[in-house]
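These notes concern the structure reproduced below.
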Amino acid sequence: MPETNNNTSISRTIIINGINLHYRESGSGSGSSVVLLHGWGSSSENFRFLESFLASHFHIFNLDLPGFGGSAMLQSAWSLHDYVELVKGFLTKLTITDSAIIGHSFGGRIAICLGAQGMASKLILTGSAGIRPQRNLFYYIKVYSYKFAKFFLNLAPQNLRPILLEKLQQRFGSTDYRSAPPVLRQTLVKVVNEDLTTLLSEIKVPSLLLWGENDLDTPLYQAKVMEQKIPDAGLVLIKNAGHFCFLDKPTEFNLIAEHFLRN
């Protein structure tokens with residue numbers, strides 16, 4: 001594994017499972033490894049401050065997941081399993097062993113799967129997805145309104161259907177869905193409702209749940225489910241922070257994360 005200077009972040013590209021994967025490497029080549037996995041619609045840029053902070057003690061690998069940042073766009077819709085296998089391939093190819101993994105939101109889904117497979121020494125999950133959300137009546141009204149409208153879309157002239165379908169998706173889709181290109185929309189549909197609750201009890205490594213108290217995307221009750229199900233887990237709540245608590249309260253987040261990783 002190549003050595004890196006503590007104060008230098010090196011941009012690299014590697015081919016894993018046929019995908020051009022971009023990542024940044026920084027920190028001490030002799031220190032224990034930490035892998036950073038960003039959330040949906042984000043990139044490794046979101047973790048730049050955390051990466052820089054941890055680099056004084058750890059060997060950091062900050063990935064752009066396929067479809068985001070400097071990594072290649074997907075050619076077909078991926079499943080969560082595909083992303084997990086991609087990161088496993090990355091760890092294997094670079095002979096990264098016994099690494100801690102920090103996952104935010106969608107990156108947390110991947111981290112949960114890797115933790116359950118014994119692919120991590122420690123986990124930090126922040127605003128992690130993976131728990132099936134509680135749905136209110138408005139959600140079901142929205143879903144069935146979309147399905148009802150889509151059914152009648154088939155009665156429209158063939159040449160108008162793509163335009164009308166896009167309008168429907170813009171009206172009813174989530175922000176992540178609306179802003180994504182078609183292949184990532186298909187991928188999001190495949191992964192967004194996957195419930196990982198049954199995997200949590202299989203995570204046997206120390207796990208820290210770092211959560212913003214005002215997180216609306218992955219509310220606090222989801223973190224509490226994870227705390228209950230993961231055998232060796234602790235929950236730390238960051239006040240006055242939301243889904244991106246590592247950006248809202250970076251100093252607090254970084255100090256807590258570093259303490260957990262070093263002890």
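What follows is calculated from the coordinates using simple rules that are stated; it is not laboratory data. Every value quoted in this text rests on a predicted model; they were computed, and no experiment measured them. Heads up, the Cβs are rebuilt from the backbone with ideal geometry, glycines too, and the neighbour counts pull from every protein chain shown.
Throw me the Rg/Rh for the stretch 1-93, computed over C-alpha atoms with Kirkwood Rh, two decimals. Taking Rg over the Kirkwood Rh, I get 0.96. Please work out the C-alpha center-to-center distance from the stretch 244-263 to the stretch 217-239 and express it in whole Å. Their Cα centres are 16 Å away from one another. Place a point 7 Å from Cα of K190 in the direction of its Cβ. Which residues in the stretch 77-98 have their backbone N less than 17 Å from it? From the stretch 77-98, the list is 77-89. Modelled spin-label separation between I15 and K239, with each label point placed 7 Å from Cα along the Cα-to-Cβ direction: 5.3 nm. Each residue in Y221, Y83 was given a count of other beta-carbon atoms within 10 angstrom of its own, and listing them fewest first yields Y221, Y83.
What do you get for Rg/Rh over the stretch 185-263 if you use C-alpha atoms and the Kirkwood form of Rh? Reported Rg/Rh (Cα atoms, Kirkwood Rh): 1.00.
Spin-label model, T97/S56: points 7 Å from Cα along the beta carbon direction are separated by 3.0 nm.
With 22 Å as the limit, the listed pairs K204/K229; K204/K224; K122/K229; K88/K190; K204/K249 have K204/K249 beyond it between alpha carbons.
Among the DSSP beta bridges whose two residues both lie in the stretch 8-91, what percent are antiparallel, rounded to the nearest 5? Provide the component values of the computation, followed by the final result.
Numbers: 13 of 18 bridges.
Taking every DSSP beta bridge with both residues in the stretch 8-91, the antiparallel ones total about 70 percent.
When each of the peptides 88-95, 105-112, 245-252 is scored by how many other beta carbons lie within 10 Å of its residues on average, the order from highest to lowest is 105-112, 245-252, 88-95.
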